[in-house]
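Right, one structure below, let's go through it.
What follows is calculated from the coordinates using simple rules that are stated; it is not laboratory data. Values in this document were obtained by computation on a predicted structure and should not be read as measured data. As a convention, Cβ positions derive from the backbone with ideal geometry for all residues, glycine included, and neighbour counts pool all protein chains shown.
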Amino acid sequence: MGSMRPGSMSMKAERSGGHRSAIRAAAGDQPKKKTDFKKVLPEIWKLVRPRRGLLLFGLCLMAVNRVAGLVLPASTKYLIDSVLRPHHPEKLLPLVGVVFAATAIQAATSFSLTQLLSKAAQRMIAELRKQVQQHIGLLPVSFYDSNRTGNLVSRIMTDVEGVRNLIGTGLVDFLGGIMTAILAFGLLMHTSRKITLIVFAIISFFVLILRRAFKTIRPIFRERGKINAEVTGRLTESLGGVRVVKGYHAESREAGVFAQGVQRLLDNVMRSLTATSAMSFMATTVMGIVGAIVMLLGGREVLAQRITLGDYFQFNMFLAFMIAPVFQIVNVGTQLTEAVAGMDRTVEILNEMDEFSDPHRTETLAEINGDVAFDDVRFSYEKDKPVLHGISFEARPGTVTALVGSSGSGKSTIISLVCGFHNPDSGRVLVDGIDLSTVKLDYYRSQLGVVLQESFLFDGTIRENVVFSYPDATERQFLEACRIARVDEFAERFPDGYDTIIGERGVKLSGGQRQRLSIARAILADPRILILDEATSSLDSESEQMIQHGLSYLMQGRTTFVIAHRLSTIRRADQILVVEGGSIIERGTHESLYALGGRYYDLYTRQHGLEANLFLAPGEGDTVEETT
C-alpha cells in the first residue's frame, strides 16, 4: 500500500547504526568499481531489440549519408586532372551539379537521422526512467534504508540520460565515423598503398593508446555518477528539512557540507578533463606527424610522376575523412564511456531483487480476517546483532494490541514484520494461520492501513491525498470518510474546499488537520489490519480529542496495532505487550498490568502519575506522550 512507505522512516531508529554505515559506504568508502560491459550490453540490447528495424533503417541512411559525403573529396582529382589542367570549362558545371546533389542528399539524410534516432533515443530514455522507477518502487524497505532519496532520484533521472548517446547522435557519430574511415581507407589504398599503410600503422598505434586510456577513464565517470547522486541526495534532504536547518541556524554548516560535495565533484571532473586533454594532445600530435609524413612522401610521389597532382590532393582529402573519425573518438568515445557507466549503474538497480519476485511467496490470501500471530520470532538487521528474541503473541480480528516500551526495544521491528517488510530469521509470523513469508505481498499489503505520527502528505489537493489509498472511491465514499475523520470541519471553510492545495507534506495545514487527513485516507482504504504508529502523540489535547472519534471508528472490527499511544488508547487495548530488549516481558490489559506493579506500572506512573497531574490543567493528563 502506498501509504505504508513513510512509516518505514520511524522504523529506522532501531537500526540507525547500520544505516549510517551504509551512508558512509555510499559516500566513497567503497572501492571503485569498474564498468562491467558484459552486464551492460545485454541490457542495451533489450532496449534496442524492439527498435531494431528502425535502427537498421537508420544505419542504411547513415551509409547513404557517408557515401554522399565522400563525393566532394572524390571530385577533387577530376577537378584538377580533367577540368583545370586540361582547361575544359564545359565540364565544370556538371561536376558542380553532382557535388551539389550529393551535398543535398547528405543534408537530407543527416536531418532524417537526427529526427529518427534522436527521437527514438528520447523515447527510450522515457521508457527506461519509467522502468527504473517502477522497479525501485517494488524493492524491499531494506533497500531504501541503505540508499538516499537523492541517490535514487539521480539513478532515475540522470543515469539513463546516456542512452541518447548509445542510440542517438552519439551512435551516429561513432558508427558513421567508422564507416567513413573504412570507405576512405579503401580509396586511399587505391591511390597509394605505400603511404596509406604507413599512415595506418601510426594511427593504429594511437588507437591502442586510446583504448588503454578509456579503460583508465571509465572508473572516473562511474565515480562521478555516484558523487553526483550523493550531492543531490544531501541537497534534497537539506531543502526538505529547511525548517530544522533554520531552527538551529545551521545554514552555514549545510552550505559547507554542500560545498565539500561540490568540491569532490569538481575534483572528479578535473581528473576526467586532464585525461581527455592528454588524449586530445596526443591526437593533435599524431595528426601533425601524419600530415608531415604525407607531405614528404606524397610530394616525392608527385615529383617522381608516380601520382598526379589531382591524386595528391584527393589523397589528402580522403586522409582527412579517415583520420577525423579516429580523433573524433576522443570526444564521442568519452560520451559513450560516460553513457555506459550510467547504464551500468542503472543495471545495478534493475538487478536488485524486488520483494514480489520471491519464489517462496506462493500463497494468495483471497480474504483476510486479520488473525495475526507471532510464533517464537527472532530477527536481526545485522548478523550477530539480534533485535527480537523469541517473540510470541496473537492478535485476534477486531482486537487492539498495544506495544509499549522504551526507544529501541523492538516495537517498530514487530510492526515491520507485520507489514511484511522483513522476514524472521527464525520462527513464523502467521496471518490467518498462513506463514506470511510464503504469502504474495500485493494483495496482503492492500489490506493494510497506517496512521503515522507525522502524516506523509503529497503536494496536491485535500481530495487527492484522501483518495490516495483508494483512487476508485465514489464521491459518497470520499465525503463519508472525510465526515468520520472530521476533515469536512476545516476543508469546507477553504475557498476551494476539498480542491485546496495543501503544499509540500501538507505544510499549509496544522498538525491536527494533517492527522485527520491521514485518518480519512485510512478509513477510505477500509483495511483489515490497522497500524497506529504514534498517531496522536504529537498533538495537543484539543486536536487529540477531535480525532479520537475517527480513530475509534477506524479501529472497529479491525486488527489494530498501536505504538506510542495515548492514555485513552491504552485503556481500550485488548492486550498490552511491554517490549524491552527485543523480548516481551509483560502482557495483559491496562488494569492487570497496572496491578502487577512491574515495568508497565513504572512507565505508566512516570508519565501519568498523580504527582504530575497535580501540576496539569484539567484534561492535560490524558495527553502526556509515552517515551518511545
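So here's what we get for this one:
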item: Net charge over other residues, Cβ less than 11 angstrom from the Cβ of residue 355 (K, R count +1; D, E count -1); result: -1
item: Spin-label model distance (nm) - residue 587 vs residue 426, 7 Å beyond Cα toward Cβ; result: 1.9 nm
item: Pairs of lysine residues in segment 40-350 - Cα separation under 26 Å, sequence separation of 8 or more or cross-chain; result: 9
item: Whether segment 40-350 is rounded, prolate or oblate, judged on the alpha carbon gyration tensor where a/c under 1.5 counts as rounded; result: prolate
item: Proxy reagent accessibility, fewest Cβ within 10 Å first, across 360, 590, 389; result: 360, 389, 590
item: Loop trypsin sites (Lys or Arg not before Pro), segment 464-527, which have at most 12 other Cβ atoms in a 10 Å radius of their Cβ (DSSP); result: 493
item: Ranked 487, 262, criterion: other C-beta atoms within 10 Å, fewest first; result: 262, 487
item: Efficiency of FRET between residue 190 and residue 296 - r from beta-carbon atoms, R0 30 angstrom, step 0.05; result: 0.90
item: Dipole moment magnitude, nearest 20 debye, segment 40-350 about Cα centre, only Lys, Arg, Asp, Glu C-beta charged; result: 320 debye
item: Extension gain (nm, one decimal) between residue 149 and residue 389, 0.36 nm per residue minus Cα-Cα; result: 83.2 nm
item: Relative exposure of 109, 605, judged by other C-beta atoms within 10 Å (fewest first); result: 605, 109
item: Net charge of neighbours whose Cβ lies under 10 Å from the Cβ of residue 390, counting Lys and Arg as +1 and Asp and Glu as -1; result: -1
item: Gain upon complete extension [residue 215, residue 278; 0.36 nm per residue less C-alpha separation]; result: 21.3 nm
item: Potential extension, residue 161-residue 357 segment - 0.36 nm per residue separation minus Cα distance; result: 67.8 nm
